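One structure below.
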Amino acid sequence: MGKLSSMVRFGCAVLVLVWATAASADGADAILVTATKAPEPALTYPAVTTLIDGADLTRRGAYDLRGALAEAAGVEVVPGGDAGPASSVIALQGLTEFDAYLLVIDGVPYGGAFNPQTPTLDLTNIERIEVLRGSAPVSYGATSFVGVVQVLHYQPGEQPTETLVQGGTRASARFAFARNLPRLGDIAQSIAASAETRDTAQHRGGFDREHLLYRAAADTGIGRLRFDLDLTRLGQSPYSPHPREGTGLTPRFPLDANVNPSDARGDQDRVQEILGLISTLGRVDWQTTASVAQTWSRNTRGYLRADFAPDGVTHNADGFRQRVWTTDAYFDTHLAGKSAVFDWVAGADLLYGTGHQRSLNFEYGVLPAGSNAPDSYGIPIDESTIVRDERVFAGGYANGVLRPLERLELQGGLRVNHTWEGRCAGRIDGGGNAPADTCGSLMRTRLSGSGGASYALWQAGENGFVAFADYRDTFKPAAIDFGPEAEGTILRPETAHGWEAGARAALGHGRFGAQASYFDTRFRNLVIAQNVKGLPALASAGAERFRGFEIEGRATLTVDFTLSASYAHHIARFTDYVQVTADGGTEQLGGHRLVLSPEDLASLVATYAPPSGPQASATLRYAGARYLDKQNTALAGAYATVDGRIGWRSRSWGMFVDVDNLTDARDPVIASELGDQQIYRLTGRRVLLTIERRL
């Protein structure tokens, strides 16, 4: 079996590599802004990047992160998780950690100093998405670790008018529209709004989400002024992960059971305001951005214990009812200059976050099928907890791109990071307000940076073949998840350094191209979930190594037909991690693979979308075998999923049938950080009728 697996892996790599010799994700005229905060040619920049066009997302009917990032090699997006059915978890370089990557919306970290807020993310009105593999230690500092995903909307006044109505199985419905508003003098305006509801295959699971984004911009005497207002209301009914027992998922838990309390919820209200200014000072651009976001969350959840009794009477589950308030503030100001041989960016930023959670914790008895799930308000409270956390990430940075020769590009940057965190926590038995009587703080000042080079082995106009390599060194304060525990200890900062090397090509004036790369990244103090005396907790996991190669290619075979393919082979292992066992002993996990990190990932996306007439798109994803436990005793087999679209479009109208997860794969994909030894499955097949109007 091992020999067959190696042959299949080698065959996939060869097929994609052959494809890559004639295809590229980006033309030579494509630009990238995520790496340096200033436009740089994507073809020659020395880092692994993928640019995804918003028009392609519309043609494919990709309205969530899983669909949007399907073409990016080595990027695994799975829906759901502890943050609720509206959430997504993104894995890059083989690491599936909710806060290890940075999500950026129009230049502002989305989730700020805490975790990416994927549950409230809406992909209406998208111009493009940029995916940067590896950290961004200069531009974004301590908040990016294994990658950056930046979503960029159309500028005010440049938004295509679009309307979408969907309805389908599992009580699914969505309405969305985006359009420019009438100008107010020199002020250009646009608005995008959506309302969505859907249930999941898992019992009592689903979400409702409403989103409104207003954008305005005007040219003034001091520069171009920008204002954004982003409002989201999210209501979620969370579903349960599937417990693991022994070498697999337990058969004692029905496939779609939900043992959450009957009033379970994972609701969020979010308000964000952004103000920005871009000015020109001679040959230098000066850009300043300020943002404030506030989020109010209400959570009621419950999880089976690892050794749960099946009688439905014995207390076999732990639950909590919780409120969380967070505030994120971001400020960045930088200068950028460009010339034929040297581009540079220099600036400073400040990311501030404060969070406060209060939890009422309880235990209850429930049948594994969840049929007698109780109301949380009828359960006695065992303990009350509180956590208050305040974070400050400040930094000064400078980055330069030098072109000493026509074909040679050198990149280098350095950042001075200053971070401070203060945390107080407390608990009391029974209900009531727990005092925050255990406090601590941690301060770090540290350099981070990157350097790289690219060389155009061949370049003629928009066509070219470029080799590149880079090295990055970064760190970030350890995550906090605002779980129900009174976790007052601040873990040691996570650190990472690594290198990558690869090549990319563009042919046919941007119609064909590819990139292939190898990476090797080493981590220390990676934050992972563990169980302490029956309660969820976070811990620093010693040292890990992530390495592998990734290949992706894209071709516009005709004006109407595009095809993309990707393959990635990841090796993600602990190199030094001593874990405390349930009996108080220890075990060394060095050499073991990380939980739910498949070695092999592949995708194939085909889209036929003429301006009018029949339309079709198909997305095939493959994920290899992966372990369900840190001891590597429970191995889950490989799986594949298929999404598709078929329909008809006129010049302005379109009608389609969209299918998510056509094969109805229900494989385990995300480990819970709150339920001990429990794993979320893929949700089931969904069929939608979609009507679009686009002008």
Which ³J(HN,Hα) values in Hz, rounded to whole numbers, follow from the phi angles of segment 100-113 under the Karplus curve 6.51 cos²θ - 1.76 cosθ + 1.60, where θ = phi - 60° and Gly and Pro get x? 6, 10, 10, 9, 10, 10, 6, x, 10, x, 9, x, x, 7
In a shell of Cβ-Cβ distance under 12 Å around Gly452, excluding Gly452 itself, what net charge do Lys and Arg (+1) and Asp and Glu (-1) give? -3
Protein accessible area in the chain, 1.4 Å probe - carbon and sulfur %: 61 percent
Extended-chain gain in nm, criterion 0.36 nm per residue less alpha-carbon gap, Cys439 and Asp219: 74.4 nm
For the chain, report the accessible area per residue in Å² (1.4 Å probe, heavy atoms, rounded to an integer). 38 Å²
At most 13 other Cβ atoms within 10 Å and a DSSP loop assignment: could you name the trypsin sites (Lys or Arg not before Pro) in segment 220-292 that fit? Arg252, Arg283
How would you classify segment 365-517 from its alpha-carbon gyration tensor, with a ≥ b ≥ c the square roots of the eigenvalues: rounded for a/c under 1.5, else prolate if a/b is greater than b/c, otherwise oblate? oblate
Relative contact order for the chain using alpha-carbon pairs under 8 Å, separation at least 6, rounded to a whole percent? 14 percent
Per residue of segment 86-97, in order, report the coupling 6.51 cos²θ - 1.76 cosθ + 1.60 (Karplus, θ = phi - 60°) as ³J(HN,Hα) in whole Hz, putting x for Gly and Pro. 7, 8, 9, 10, 9, 10, 10, 6, x, 9, 9, 10
Hey, what angle do you get for helix 2-20 against the long axis of the chain, alpha-carbon based, 0 to 90 degrees rounded to 10? 30 degrees
Dipole moment magnitude, nearest 20 debye, segment 560-634 about Cα centre, only Lys, Arg, Asp, Glu C-beta charged: 120 debye
Cut-off 19 Å, label point 7 angstrom out along Cα-to-Cβ of Trp325: give me the residues of segment 96-130 whose amide nitrogen falls inside. 112-115
Sum of -39500 (n - 2.57) over DSSP H runs of 4+, divided by residues of the chain (222 nm, nearest 500): -1500 deg cm²/dmol
Can you find, among Thr289, Ala306, Pro261, the residue farthest towards the positive end of the dipole of segment 210-324? Put +1 on the C-beta of Lys and Arg, -1 on that of Asp and Glu. Thr289
Summing +1 per Lys or Arg and -1 per Asp or Glu among the other residues with Cβ less than 12 Å from Ser672's Cβ gives -1
If we sort 650-660, 51-61 on the protection proxy, mean other Cβ atoms within 10 Å, highest first, what's the order? 51-61, 650-660
Once phi for every residue in segment 33-44 is put through the Karplus expression 6.51 cos²θ - 1.76 cosθ + 1.60 (θ = phi - 60°), the whole-Hz ³J(HN,Hα) values, with Gly and Pro written as x, are 10, 5, 5, 10, 6, 9, x, 9, x, 5, 5, 9
Förster radius 41 Å - calculated FRET efficiency between Val559 and Ala638 (Cβ-Cβ, nearest 0.05): 0.70
For Gly205, the residues 5 or more places away or on another chain with a placed amide H closer than 5 Å to its own amide H are Thr200
Segment 414-465 -> Rg/Rh from Cα coords, Kirkwood Rh, value 1.53
Dipole magnitude (debye, nearest 20) for the chain, charges at Cβ of Lys, Arg, Asp, Glu: 880 debye
If I model a spin label as a point 7 Å beyond the Cα along the Cα-Cβ vector, how far apart are those points for Leu350 and Leu405 in nm? 4.5 nm
Please compute the net charge surrounding Thr232, taking Lys and Arg as +1 and Asp and Glu as -1 over other residues with Cβ under 12 Å from its Cβ. -4
Between the residues Gly644, Gly430, Thr232, the Cα farthest towards the positive end of the dipole of the chain, that dipole coming from +1 and -1 charges on the beta-carbon of Lys, Arg, Asp and Glu, is from Gly644
If R₀ is 22 angstrom, what is the calculated FRET efficiency for the pair Val292 and Glu210, using the beta carbon separation as r and rounding to 0.05? 0.60
So, with points 7 Å from each Cα along the Cβ direction, the Ala453-Asp576 label distance in nm works out to 3.2 nm
What is the extension gain from Leu335 to Val416, computed as 0.36 nm multiplied by their sequence separation minus the C-alpha to C-alpha distance, in nm to one decimal? 27.5 nm
The chain: C-alpha gyration tensor shape, a/c 1.5 cut-off, then a/b vs b/c: rounded
How large is the charge dipole for segment 147-213, taken about the Cα centre, if only the Cβ atoms of Lys, Arg (+1) and Asp, Glu (-1) carry charge, to the nearest 20 debye? 220 debye
How long is the gain from Asp520 to Thr314 if the chain were fully straight, where each residue apart is worth 0.36 nm and the alpha carbon distance is subtracted? 69.3 nm
C-alpha center-to-center spacing [segment 236-283, segment 437-495] in angstrom: 24 Å
Mind running the shape call on segment 115-265? Use the C-alpha gyration tensor, a ≥ b ≥ c as the square roots of the eigenvalues: rounded below 1.5 for a/c, prolate if a/b tops b/c, oblate otherwise. oblate
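The values are calculated or read from the model by the stated rules, or taken from the named source; none is laboratory data. Because the structure is a prediction, the values reported are computed rather than measured. Glycine also receives a Cβ, built like all others from the backbone with ideal geometry; neighbour counts cover every protein chain displayed. Ligands, DNA and RNA are excluded from the accessible area calculation, which covers all protein heavy atoms including side chains. Shrake-Rupley method; radii C 1.70, N 1.55, O 1.52, S 1.80 Å.
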